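As C-alpha cells, the structure follows; a few thoughts come after it.
The values are calculated or read from the model by the stated rules, or taken from the named source; none is laboratory data. Please read all numbers here as calculations on a predicted model, not as lab measurements. All Cβ positions, even for glycine, are placed from backbone atoms using ideal geometry, and neighbour counts span all protein chains on display. Accessible surface areas use protein heavy atoms only, side chains included; no ligands, DNA or RNA. Shrake-Rupley method; radii C 1.70, N 1.55, O 1.52, S 1.80 Å.
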Amino acid sequence: MSEIKQYDVWDGPTRWFHWINFLCVVGLIAVGVAILNGKALGVDDGGKILLKVVHVWFGYVFALNLLWRMVWAFIGNRHARWAAMMPGGRGYWRSIRAYVAGLCSGRPQQYLGHNPLARISVVLLFALLLIQAVSGLVLAGTDIFYPPLGSWIAGWVAAPGVDPASLQPYSPHLYDEAAWQEMRAFRKPFITAHYYCFYATVLMIVLHIAGVVVTELKEGGTIVSAMFTGRKTFRGKPVDE
Ligand code: HEM
C-alpha cells in the first residue's frame, strides 16, 4: 500500500485571491442581474444609480484583486505561476490524453497543481474576468462618471457652460446632445462585451464548480479543502511532484 503524503500547494496570496474573487464575483453577478432587470423590478433612476455605484465598488475590489493575481503569477510559488496555469508547453497534449484516459478508465491521474483539463478552464475564466474588469472600468466612466475615465468622459459630454465636475448621471439637460451620442457610440462595444461575457462567465463558473466536484469525487482528493488550507493529501505520487 502506498503511503499517504501531504503537500503544500496553494500559497497564501493565491488562496486570498481565490476567495476575494469569489465574493466579488458573487456580488457583481447579484447586482448585475438587478441592473439588467431594473425595469421589471420597478427601479427608478435613483435606484439604478445606486445599483451601479454598488456594482462599481465591488468592481474596484475585484479588478485590483485580479491585477494583483496577475502580478503574483510572476512571483508566487510554482503552482501559482503562469507556467502552471496556462495550457500548452512541451508534452501538454500528451498529458491531456493521459489524463482523459485515466478518467475514463476509473484510475484518474493525480496532480498537485491544476490538471491539464483544468488549465483550459482556468485560462478561459481569467480571460473572461479580465474582459469584465476592463469593460466594467470603462462603463464606470461612461455610466456614472466614476474613475478611472469618469472625469475625461464628463469633460467630453458636459454642455457648454456646465462644470464637468458637477455632472450627474441620468441628467440629459446637463449634456451636450452631439457629444453624448458620440460617447454612447464609443461605449457600445464595451457594454456589448460586458453583457455577453457576463453569460459566458456564469457558464464557466458552473463548469468550474462541476469540474471541482467531479475531481473531488473521482480522485477522492482534497481539492476543496486545499483552497482553504493550501495543502493536498495524496496516496501515491502525483504526476507533477
Ligand atoms: C465578473 C465580473 C463582472 C460581472 C459578472 C458583471 C456583470 C454585469 C452585468 C450582468 C451588468 C448588466 C449589463 C447590462 O445592463 O447590459 C453589468 C453592468 C455594469 N457593470 Fe459589471 N460585471 C462585472 C465586473 C464589473 C467591473 C469590474 C466594473 C467596474 C469597476 C463593472 C461596472 C459595470 C457598470 C458601470 C455597469 C452598468 C452598465 C449598464 O448596464 O448601463 N462591472 N455588469
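Values for this structure:
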read-out: Extreme residue, farthest from M204 (Cα to Cα), among residues of segment 131-151 that are open to solvent by 10 Å² or more (accessible area, probe 1.4 Å) and among the polar types (S, T, N, Q); value: S151
read-out: Entirely in segment 82-144, the helices (runs of 4 or more DSSP H) that have 3 or more residues that are more than 30 Å from G27 (Cβ to Cβ); value: 92-105
read-out: Tally, over segment 1-55, of residues that are under 30 Å from L112 (Cα atoms), of a type in the set (K, R) and open to solvent by 80 Å² or more (accessible area, probe 1.4 Å); value: 1
read-out: Counted residues, segment 147-166 - those being in a helix (DSSP H, G or I) and free of Cβ contacts under 8 Å to residues at least 12 places away in the same chain; value: 4
read-out: Some residue of segment 218-230 being assigned to a strand (DSSP E or B), of a type outside the set (F, W, Y) and in contact with a Ser or Thr (Cβ under 8 Å, 6 or more places away or on another chain); value: no
read-out: Residue under evaluation Y99, criteria (1) open to solvent by less than 30 Å² (accessible area, probe 1.4 Å); (2) more than 10 Å from the ligand (Cβ to nearest atom); (3) modelled with pLDDT of 95 or more, criterion not met; value: (3)
read-out: Filter result (among the β-branched types (V, I, T) and under 17 Å from R15 (Cβ atoms)) within segment 210-241; value: V212, T222, I223, V224, T229, T233
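Condition check ((1) small (G, A, S); (2) modelled with pLDDT of 95 or more; (3) within 17 Å of the chain's Cα centre (by Cα); (4) more than 16 Å from the ligand (Cβ to nearest atom)) across all residues:
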{"site": "Y111", "(1), (2), (3), (4)": "no, no, no, yes"}
{"site": "S121", "(1), (2), (3), (4)": "yes, no, yes, no"}
{"site": "L129", "(1), (2), (3), (4)": "no, yes, yes, no"}
{"site": "G141", "(1), (2), (3), (4)": "yes, yes, no, no"}
{"site": "F145", "(1), (2), (3), (4)": "no, yes, no, no"}
{"site": "A158", "(1), (2), (3), (4)": "yes, yes, no, yes"}
{"site": "P164", "(1), (2), (3), (4)": "no, yes, no, yes"}
{"site": "S171", "(1), (2), (3), (4)": "yes, yes, no, no"}
{"site": "E177", "(1), (2), (3), (4)": "no, yes, no, yes"}
